Amino acid sequence: MANDINELRRILREHTTIAVVGLSAEWHRPSYFAAKYMQAHGYRIVPVNPRYAGTAEGILGERCYASLQDIPHAVDMVDVFRRSADVLPIAQQAVDIGARCLWQQLEVENHEADALARAHGLSSVMNRCVKIEHARLFGGLNWMGVNTGIISAHRPH
């Protein structure tokens with residue numbers, strides 16, 4: 001598992017096209033907020049969620065795909081917002097499409113998927129948030145919700 005700061009920094013610097021599996025179109029969901037942050041910081045986001053695939057609006061202005069295999073272009077990183085039990089087939093799909101990194105979000109930790117990814121030469125990260133790590137390593141901590149107007153120190157009237 002990539003816990004080394006230099007390895008995380010390398011992954012985030014080199015992997016700029018991110019397929020986000022389980023990306024929600026609902027603005028208050030963690031997957032949406034993380035993807036929006038990464039998009040605002042120059043990453044290409046590729047939504048993967050069968051619920052929104054084929055819809056005209058997509059997610060974050062990007063076309064949404066039902067599965068990783070449906071994406072018609074190269075993907076550097078597969079960022080997984082699914083339950084740990086669901087990750088192994090996603091890891092196999094990441095290998096099959098030629099992704100270079102499997103990233104399992106906070107509280108997502110499938111060791112079989114990690115081993116599969118590593119056995120096929122992919123970088124692998126478990127139980128970490130891509131947005132939090134980017135903010136921590138590249139200076140985006142102001143995006144933690146403080147300036148959004150959603151979180152406030154003022155008491156409601």
Legend entry - Percent of beta bridges antiparallel (DSSP, the chain, rounded to nearest 5): 5 percent
Inset, instruction - Using Cα centres only, tell me the gap between segment 1-45 and segment 80-118 in whole Å. - result: 14 Å
Inset, instruction - Arrange 68, 102 by Cβ neighbour counts within 10 Å, fewest through most, would you? - result: 68, 102
Legend entry - Overall form of segment 25-107 per C-alpha gyration tensor (a/c, 1.5; a/b vs b/c): rounded
Inset, instruction - For residue 74 and residue 119, compute 0.36 nm times the residue count separating them, minus their Cα-Cα distance, and round to one decimal in nm. - result: 14.2 nm
Inset, instruction - Would you work out the relative contact order for segment 5-143, in percent, from Cα pairs under 8 angstrom that are 6 or more residues apart? - result: 22 percent
Legend entry - Dipole magnitude (debye, nearest 20) for the chain, charges at Cβ of Lys, Arg, Asp, Glu: 460 debye
Inset, instruction - Could you pull out the longest piece of the chain with no exposed loop GluC sites (Glu not before Pro) in it, calling a site exposed if DSSP puts it outside H, G, I, E, B and it has at most 15 other Cβ atoms within 10 Å? - result: 58-106
Inset, instruction - Find me the longest stretch of the chain that has none of the exposed trypsin sites (Lys or Arg not before Pro), where exposed means in a DSSP loop (not H, G, I, E or B) with at most 14 other Cβ atoms within 10 Å. - result: 84-157
Inset, instruction - Taking every pair of Cα atoms in segment 5-143, average 1/r, invert it to obtain the Kirkwood radius, and report Rg/Rh to two decimals. - result: 0.93
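Every number in this text was worked out from the coordinates using simple rules, so none of it is lab data. Here the structure is a predicted model, which means the values were calculated and not measured. When we count neighbours, we look across all protein chains shown, and the Cβ atoms used for this are built from the backbone with ideal geometry, even at glycine.
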